[in-house]
């Protein structure tokens with residue numbers, strides 16, 4: 001993902017990731033790999049919206065290192081516990097990003113990392129709760145070759 | 001390769017029950033296994049930090065299973081409710097078998 | 001905060017009191033503009049805020065033609081600032097040909113420029129500020145950023161000319177954008193030496209993700225606590241070269257703003273919260289609809305000027321223009337922990353009407369003295385008005401693109417859609433100062449390279465999405481990349497990746513082929529390794545070759561409406 005940058009020549013152009021050639025679209029193949037990864041994680045169970053939130057910049061400053069945060073609304077106590085959260089990037093050739101595992105010492109089921117995004121795409125996160133339910137959220141991040149600030 | 005050194009930010013002191021934020025960084029190229037060597041044209045073998053764990057007085061706090069899509073110099077930020085004084089231990093494991101470790105003491109009161 | 005209903009009442013009251021535009025109309029009716037008529041306003045309440053933004057290093061009066069094309073998409077469509085020309089005048093009830101019309105719109109610009117003359121000049125701005133401070137000694141002066149860049153002397157001195165002159169005007173806070181193109185360390189050092197804070201709630205260190213600049217500052221005025229939160233340009237590392245400030249990260253960071261507003265209101269007991277913003281107008285309009293507790297957003301970046309505030313969900317948005325053309329005066333009545341009433345006046349700085357402050361005039365001349373001969377050197381003439389502002393090619397851009405095509409022997413030219421760049425009236429000499437007002441910046445190399453037709457399409461699509469994405473949070477401000485040697489069709493309402501069609505190589509009349517490589521020349525690349533002569537040398541050589549430019553403003557761009 002830090003490949004050739006020989007095409008970078010145009011004005012105002014600051015490609016975060018070199019692989020910008022597929023603009024603004026997520027190919028079906030990658031998206032279905034994401035669906036497969038979610039199904040493998042949930043065992044086919046339904047992942048509801050709510051409880052989980054993905055935070056990411058609207059536009060990546062640098063596609064090679066995009067800060068993302070996942071946070072799950074949970075008391076992290078007793079049965080109200082998040083076991084793990086899987087994070088996927090649905091426009092990368094391999095959608096897997098990371099799996100976060102929390103514990104009773106985690107005061108909040110929230111964590112951040114930085115990821116590589118090959119193109120404009122969604123960061124998808126799915127939380128597995130101790131009671132066997134799943135929650136899902138997604139956030140679109142634009143990876144751009146840049147505009148011209150006024 | 002430059003010496004790989006983890007860095008962590010942990011409050012030195014906290015109250016019991018206080019929620020603290022912990023930030024960690026490790027300088028590592030996170031070689032994805034997708035890149036080709038410009039001179040030889042051969043694929044550079046994958047070598048990423050594939051696992052990160054943080055524990056407190058031996059109890060797990062936070063763990064990440066890591067894929068190549070995590071950026072070079074992997075960064076993790078998470079929270080902990082401080083149960084007592086003690087030591088926070090951090091461990092990064094890379095594909096090449098290298099294990100990087102560091103720890104920080106937290107006082108209470 | 002002012003409720004929507006209260007705003008309507010307050011707005012009517014303010015109109016009645018200050019006669020939004022009334023002062024100007026009266027002056028125009030009497031065929032005289034006077035300094036008192038321009039500045040005068042019946043004071044309201046106990047707090048006065050002065051806002052100036054996007055000066056782009058214009059210390060002297062300038063011509064600046066407002067856009068004739070400024071298309072809005074999504075919820076912004078058809079709303080200011082996305083109404084231009086005659087529609088803008090109709091929207092705000094401004095009489096064509098009036099001083100108001102000249103200052104705020106592109107209608108009859110060339111003719112009215114002759115009648116009303118240049119606008120701005122920091123010596124005139126000082127007169128306005130002093131007059132208001134005489135009445136309200138503790139008026140706050142807030143600078144929205146893009147202050148240190150945009151002129152020959154600023155580029156020569158790394159903005160020190162502007163820093164010196166602005167310091168003399170005694171601002172109370174500023175935020176930033178182009179300032180950072182002098183380098184992250186440089187801005188840090190300059191900011192530390194200022195007598196006022198450079199605020200940026202959204203400026204973080206890239207490594208540990210912690211605030212790198214102060215986000216908020218507080219003022220006690222008229223017995224009330226006022227919070228001023230600063231918001232720097234969110235897309236700094238994308239729109240400008242990231243390598244110049246690698247240690248910093250920006251972004252809109254709405255969550256951080258919510259935290260700071262909460263802190264200001266609940267912990268600090270602020271009765272009014274002001275956001276000094278360089279987000280751009282559409283971003284601020286969305287922000288106002290999502291973040292509670294902000295009374296006023298002093299907008300910037302997109303260079304819009306409105307004669308009255310725009311209200312969004314209890315937040316007042318002020319648009320104070322650019323290049324020193326205007327100063328906003330906003331009076332607030334802050335009592336019992338909230339804003340009860342307001343008065344507003346967009347003060348147009350007509351340079352022939354408002355007398356220069358001699359002390360500031362001398363200070364400006366002192367900054368320029370080492371460069372006066374070069375600034376005044378004539379490089380050629382223009383038959384038509386030269387301007388940049390607008391969504392697509394302006395006439396200055398056409399001249400720059402022609403220069404790139406001929407001087408760099410290219411098939412296609414690309415020039416950035418910056419919103420800065422002053423205007424030169426038809427029939428004028430073009431000086432080094434004029435040229436640099438349209439080009440002065442710290443990464444001016446004019447590259448020459450090959451690009452495939454596919455790559456050119458990608459660039460047009462990508463830049464257009466940064467302007468016409470229906471969600472303002474995905475826009476960066478700026479205007480469309482300017483092109484020479486190539487025509488295209490654009491449907492701004494189409495989805496990302498599908499807006500551009502009909503790309504044509506003008507010299508041959510043939511369609512641009514995806515797989516063919518074209519020789520392309522452009523400037524202002526954000527890549528560190530870009531090489532080539534400075535754009536101003538390229539354009540000057542073009543003037544030397546042809547003497548007089550005759551831009552007709554007929555770029556081969558077909559806009560689907």
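Since every read-out is calculated from the coordinates, none of them should be taken as a lab result. Every value quoted in this text rests on a predicted model; they were computed, and no experiment measured them. When we count neighbours, we look across all protein chains shown, and the Cβ atoms used for this are built from the backbone with ideal geometry, even at glycine.
Just the projected area, averaged over all directions, of the convex hull on the alpha carbon atoms of the range C:217-284: how many nm²?
It is 5.5 nm².
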* State, as an integer percentage, the relative contact order of chain C based on alpha-carbon contacts under 8 Å between residues 6 or more apart. => 18 percent
* **Packing-based exposure ordering (other Cβ within 10 Å, fewest first) of C:377, C:256, A:114** => C:377, C:256, A:114
* To do: Compute the label zone of residue C:493 within the range C:470-487: residues whose backbone N is under 14 Å from the point 7 Å along Cα-to-Cβ.
  => C:470
* So what's the gap between the Cα centers of the range C:55-119 and the range C:225-277, to the nearest angstrom? -> 29 Å
* So how do C:91, C:82, C:278, C:56 line up by other beta-carbon neighbours within 10 Å, fewest first? -> C:91, C:82, C:56, C:278
* **FRET efficiency estimate (nearest 0.05) - Cβ-Cβ, residue C:428 to residue C:366, R0 22 angstrom** => 0.25
* Average partner coverage of A:51-63, which counts Cβ from other chains inside 10 Å -> 5
* Asked: Measuring from centroid to centroid over Cα atoms, what is the spacing of the range C:171-195 and the range B:30-96 in Å?
  -> 36 Å
* DSSP bridge pairs, the range C:188-321: antiparallel proportion in percent, nearest 5 -> 50 percent
* Please express the Cα-Cα pair-distance distribution P(r) of the range C:215-344 as a list of whole percents, one per 5 Å bin, running from 0 to the bin with the greatest distance. => 2, 10, 20, 22, 20, 15, 7, 3, 1, 0
* Structure fact -> the range C:315-371 and the range C:489-561 have their Cα centres apart by a whole-number Å value of 37 Å
* Using only the alpha carbons, work out the radius of gyration and Dmax of the range C:336-495 in angstrom. => 20.4, 67
* Any idea what the relative contact order of chain B is, in percent, if you count C-alpha pairs under 8 Å spaced at least 6 apart? -> 33 percent
* Structure fact -> Restricted to the range C:254-326, the DSSP antiparallel beta bridge percent, nearest 5, is 35 percent
* Structure fact -> Taking the range B:22-109, the whole-percent share of alpha-carbon pairs separated by over 17 angstrom is 53 percent
* Asked: Size of chain C along its principal axes in angstrom, Cα-based, largest extent first?
  -> 69, 54, 46
* To do: Report the label-to-label distance for residue C:209 and residue B:36 in nanometres (one decimal), using points 7 Å from each Cα along the Cα→Cβ vector.
  => 3.5 nm
* **Quotient of Cα Rg and 2.2 N^0.38 Å for the range C:431-557, N being how many residues it contains** => 1.15
* Label-to-label distance, nm, for residues given as residue C:218 and residue C:134 (7 Å Cα→Cβ offset) -> 3.4 nm
* Structure fact -> A chain fully extended from residue C:335 to residue C:259 at 0.36 nm per residue, minus the present Cα-Cα distance, gains in nm 25.0 nm
* Asked: Restricting the count to DSSP beta bridges whose residues both fall in the range C:468-561, what percent are antiparallel, rounded to a multiple of 5?
  -> 60 percent
* Asked: Just from its helices, what would the mean residue ellipticity at 222 nm be for chain C, if runs of 4 or more DSSP H residues each count -39500 (n - 2.57) and the sum is divided by every residue, rounded to the nearest 500 deg cm²/dmol?
  -> -9000 deg cm²/dmol
* Structure fact -> Length-normalised contact order of the range C:171-262, Cα under 8 Å, at least 6 apart, in percent, tallies to 32 percent
* To do: Provide C:488, B:100 in ascending order of the number of other Cβ atoms located within 10 Å of each residue's Cβ, fewest first.
  => B:100, C:488
* Asked: Once you put a point 7 Å from the Cα of residue A:35 and another 7 Å from the Cα of residue B:4, both along the Cβ direction, what distance in nm separates them?
  -> 3.7 nm
